[in-house]
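Asker: Have a look at this one before I ask anything.
The values are calculated or read from the model by the stated rules, or taken from the named source; none is laboratory data. Since this is a predicted model, take the numbers as computed values, not measurements. Quick reminder, even Gly has a Cβ in these numbers, built from the backbone with ideal geometry, and neighbours come from all protein chains shown. Accessible surface is based on the protein model in full, side chains and every heavy atom, while ligands, DNA and RNA are left aside. Shrake-Rupley method; radii C 1.70, N 1.55, O 1.52, S 1.80 Å.
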Amino acid sequence: DNGGPAPTHALILGSPAIGAGGSTAPDQCPATDQTGRDRPAGACDIGAVQYIEPTPPPVDTFGVKFSKIKPKPLKLKRGKKAKAVSVKVTSTGTGAATGVRVCVQPARKAKKSIKLVGKFCRKPGTLSASKTVKFKFKAKKKARKKLFKLKVVMTSTNAAQKTSAIKVKVK
């Protein structure tokens, strides 16, 4: 159903019928197609309906990505001083990403061994280039000697959510 009073078959991209209608009788196209749309003079399409170019997908004008997470992995000694991880986030679109938040979401097993010093989320705000946020971690005294992957999620009010991982090795 392409609209109009009669069932019609729409042309597909690349059809030889596109623009092949004549400008003089007997091949001359009517002024409108069967759906009521105007046909261009001299370059109409053969068939009941004029071809309509599909709308291109929207351009990603706002986007964000994780550029670098350093160090990889963060090495912690049980019961010792806290160390920081730098998370660099970058705008990938043509416009600034707004309301950007970067949050660490440790799994239950990681919470038993690793303590996040400070808040779980950082708010770099509007992101038109790159910004670095830091998270500090400390291994608990009874932490398991293991490599942990901590989920880190970046959200924005006008860009798609992105996910990555912070690797923390407890020695």
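Asker: Taking 8 Å as the Cα distance limit and 6 or more residues as the minimum spacing, I'd like the relative contact order of the chain as a percentage. Write out the running numbers ahead of the final one.
Answerer: Values: 383 pairs, mean separation 35.9, N = 171.
Relative contact order of the chain: 21 percent.
Asker: Which of these, Arg78, Arg144, Arg39, has the largest mean-square fluctuation under a Gaussian network model of the chain (Cα springs below 10 Å)?
Answerer: Result for the chain, Cα springs under 10 Å: Arg39 fluctuates most.
Asker: Something else about it: Rounded to the nearest 20 Debye, what is the dipole magnitude of the range 71-171 about its Cα centre when Lys and Arg each give +1 and Asp and Glu each give -1 at the C-beta?
Answerer: Numbers: 33 positive and 0 negative charges, 270 e Å.
Dipole size: approximately 1300 debye.
Asker: While we're on this one: Between the alpha-carbon centers of the range 103-166 and the range 22-77, tell me the distance in whole angstrom.
Answerer: 40 Å
Asker: Where does the chain land at 222 nm, in deg cm²/dmol rounded to the nearest 500, when only DSSP H runs of n ≥ 4 count, each adding -39500 (n - 2.57), divided by all residues?
Answerer: Value at 222 nm, helices only: -1000 deg cm²/dmol.
Asker: Sticking with this structure for a sec: Among rounded, prolate and oblate, which fits the range 1-132 when a ≥ b ≥ c are the square roots of the eigenvalues of its C-alpha gyration tensor, a/c under 1.5 means rounded, and a/b larger than b/c means prolate?
Answerer: Taking the square roots of the gyration eigenvalues as a ≥ b ≥ c, the range 1-132 is prolate.
Asker: With Rg and the Kirkwood Rh both taken from Cα atoms, where does Rg over Rh land for the range 75-171?
Answerer: Answer for the range 75-171: 1.04.
Asker: Still on this model: Out of Ser67, Ile18, Gln50, whose Cα points farthest toward the positive end of the dipole of the chain (charges: +1 Lys, Arg; -1 Asp, Glu; placed on Cβ)?
Answerer: Among Ser67, Ile18, Gln50, the one farthest towards the positive end of the dipole of the chain is Ser67.
Asker: What part of the accessible area of the range 1-124, given as a whole %, is carbon or sulfur when the probe is 1.4 angstrom?
Answerer: Here it works out to 56 percent.
Asker: Explain nothing, just compute: Karplus ³J(HN,Hα) = 6.51 cos²θ - 1.76 cosθ + 1.60, θ = phi - 60°, for every residue of the range 154-170 in order, whole Hz, x for Gly and Pro.
Answerer: Coupling constants for the range 154-170: 10, 10, 8, 6, 10, 9, 5, 5, 10, 10, 8, 9, 9, 9, 10, 10, 9 Hz.
Asker: HN-Hα J couplings of the range 144-152 from phi, Karplus 6.51/-1.76/1.60, θ = phi - 60°, integer Hz, Gly and Pro as x?
Answerer: Calculated HN-Hα couplings, in order: 6, 6, 6, 9, 10, 10, 9, 5, 10 Hz.
Asker: About its Cα centre, what dipole magnitude does the chain give when the only charges are +1 on Lys and Arg Cβ and -1 on Asp and Glu Cβ, stated in debye to the nearest 20?
Answerer: Dipole of the chain, to the nearest 20 debye: 5160 debye.
Asker: Okay, moving on. Which ³J(HN,Hα) values, rounded to whole Hz and listed in residue order, are derived for the range 90-96 from phi using the Karplus coefficients 6.51, -1.76 and 1.60 in 6.51 cos²θ - 1.76 cosθ + 1.60 with θ = phi - 60°, glycine and proline given as x?
Answerer: Karplus values, whole Hz, x for Gly and Pro: 10, 7, 10, x, 8, x, 6.
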